[in-house]
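Q: Following this message is one structure expressed as structure tokens.
The values are calculated or read from the model by the stated rules, or taken from the named source; none is laboratory data. In this text the structure is predicted, and so the values were computed from the model without any measurement. All Cβ positions, even for glycine, are placed from backbone atoms using ideal geometry, and neighbour counts span all protein chains on display.
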Amino acid sequence: MTTTKNPGALGVWVTLDPHDTVQVRDGRSFDAGAGGVAHSVRPWPSTAAGALAAALGGEPESLRGPFVAHRDGTAWSPYFPTPLDLVTEPDAADVWRLRHPQAEDDGTDREGGEDDDVRIRTDLQACGQPDLVPLSLPEGVEEADPLSGLLPGNVMESYLHGTLVEAGDVASQDEWGRAEEPVTAESRIGVGLDPDARTVKGGLLYRTTHLRLEEDWAFAVHLTPRPGRHRPVEKVADPVRFGGLTRLADLAPARVTGWPDRPEDFPGGKVLLYVATPAVWPTGWVPPLPDDARLVSAVVGDPLPVATASPVRDYKHFQRTRAMAWAVPPGSIYLLQFLDPDDATTWAHSQHGQALGPAARPRWDTAGFGVVLTGVWS
């Protein structure tokens, strides 16, 4: 059930294939009534963790995911949010990779100046990291937006190895197999409920969004079992609860192929850190790093509101245990510099496909948050 390229420790891949739509709120409060909107999102790691713990009758040792995966015959191929340092111009097939100004002596004025129009606007230097240097657009490109969509595992592997498109260079995305989001949003009208009596409250209507996966797509999770603490995945015959409103999904072991492998070497001690699942770290958007690693630059997306709660089916217990936090979104990247290249290689190999911890809250790193991939940069 596993493949030679997997997220780390021995375990099994499973898929969660929803029967219908998925409804997962982002955790922000809203008022049921005129104009009330419940914001729905793709299932968080905590959504998959709660569903699996309940279905297996106990918590696994750890989970990594969920990742969206596409079925190819009897195998599943994972797809990843496009790294935020890949940019394109509107309606163009060309893609550039942002570069570090120090990568070549191009006369860029780091304090702002005549070449400032090719720099990426950022607030990195105002976020408690004054030494960070923003990445730059290639020469001659005045404006570009991050490339949207998802990349298959083999393309992500090429990106991590630095062979997809080099910093400052241009490439065509035509042969990348990039996919748009395989999720369709469907607007629905809901009603407010009395949590104690489980009855409808008069006049309290709100609007929400349900998400529907396209055919041959599912959510894939890598599960590290805890021997003797829960039943095997193969013993789960019934559908599992997945998301809100008693939505169901089929749980099954899966053969996952195309997981991106890490580079063998990291020249100059330079490590790229790619965020594969939402990350919530004690220092906010800054990842926890070893003492001999320096954060050089970063491209971080807008923070995501994520919520967790106990899977126990008691509403009052659910209310007491729920928590919300702001997460670093998948696709964000960090450029690290190690003093010793050997230390860079050892650390990057150990973290690839793992949850980078510690997390800001207990057990979030074992529930699928903060999974990272490691690559090279120049």
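Q: Looking at segment 138-159, which of its residues are free of Cβ contacts under 8 Å to residues at least 60 places away in the same chain, within 16 Å of residue 92 (Cα to Cα) and surrounded by 16 or more Cβ atoms within 10 Å (Cβ to Cβ)?
A: To start, the set of residues in segment 138-159 that are free of Cβ contacts under 8 Å to residues at least 60 places away in the same chain comprises 138-145, 155, 158.
Checking the rest, the ones that are also within 16 Å of residue 92 (Cα to Cα) come to 138, 140-145.
Listed by number, the residues that qualify are 138, 141, 144.
Q: Test residue 296 against the criterion of being at pLDDT 70 or above, part of a loop (DSSP other than H, G, I, E, B) and among the β-branched types (Val, Ile, Thr), and give yes or no.
A: Considered against the rule, which asks whether it is at pLDDT 70 or above, part of a loop (DSSP other than H, G, I, E, B) and among the β-branched types (Val, Ile, Thr), residue 296 comes out as no.
Q: Ok, one more. So residue 273 ticks every box in (1) more than 22 Å from the chain's Cα centre (by Cα); (2) outside the structural domain of residue 56 (by TED's automatic domain parsing) but one. Which box is left unticked?
A: In the conditions (1) more than 22 Å from the chain's Cα centre (by Cα); (2) outside the structural domain of residue 56 (by TED's automatic domain parsing), residue 273 misses (1) alone.
Q: Here's a follow-up. Checking the conditions here, which among 175, 166 is of a type in the set (D, E, K, R) and free of Cβ contacts under 8 Å to residues at least 12 places away in the same chain? Before the answer, list the steps.
A: Details: 166 fails: free of Cβ contacts under 8 Å to residues at least 12 places away in the same chain.
175 is the lone residue from the list that is of a type in the set (D, E, K, R) and free of Cβ contacts under 8 Å to residues at least 12 places away in the same chain.
Q: Next up: Scan 306, 372 and give me the residue that is within 28 Å of residue 59 (Cα to Cα) and modelled with pLDDT of 95 or more.
A: 372
Residue-by-condition table, conditions (1) buried (at least 16 other Cβ atoms within 10 Å of the Cβ); (2) part of a strand (DSSP E or B):
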| site | (1), (2) |
| --- | --- |
| 258 | yes, no |
| 274 | yes, yes |
| 277 | yes, no |
| 302 | no, no |
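Q: Could you check how many residues of segment 231-269 are out of contact with any Leu (no Cβ under 7 Å at 6 or more places or on another chain), over 20 Å from residue 56 (Cβ atoms) and not polar (S, T, N, Q)?
A: Of the residues in that region, 10 qualify.
Q: Something else: Go through segment 228-242 and give me each residue that's crowded, with 17+ Cβ neighbours inside 10 Å and either closer than 20 Å to residue 79 by Cβ or of a type in the set (Asp, Glu) (or both).
A: 242
Q: Scanning segment 339-367 for residues that are among the aliphatic types (A, V, I, L, M), under 21 Å from the mean Cα position of the chain (by Cα) and in a loop (DSSP other than H, G, I, E, B), which turns out nearest to residue 65 (Cα to Cα)?
A: Keep residues of segment 339-367 that are among the aliphatic types (A, V, I, L, M), which gives 339, 344, 348, 355-356, 359-360, 367.
Now restrict to residues that are under 21 Å from the mean Cα position of the chain (by Cα): 348, 355-356, 359-360, 367.
Now drop any that are not in a loop (DSSP other than H, G, I, E, B), which leaves 356, 359-360.
Values: 356: 13, 359: 15, 360: 18 Å.
Applying the filter and picking the extreme gives 356.
Q: Let me ask something else about it. Could you list, in sequence order, the residues of segment 250-277 that are in contact with a helix residue (DSSP H, G or I) (Cβ under 7 Å, 6 or more places away or on another chain) and over 18 Å from residue 164 (Cα atoms)?
A: Listed by number, the residues that qualify are 251, 253, 268, 269, 277.
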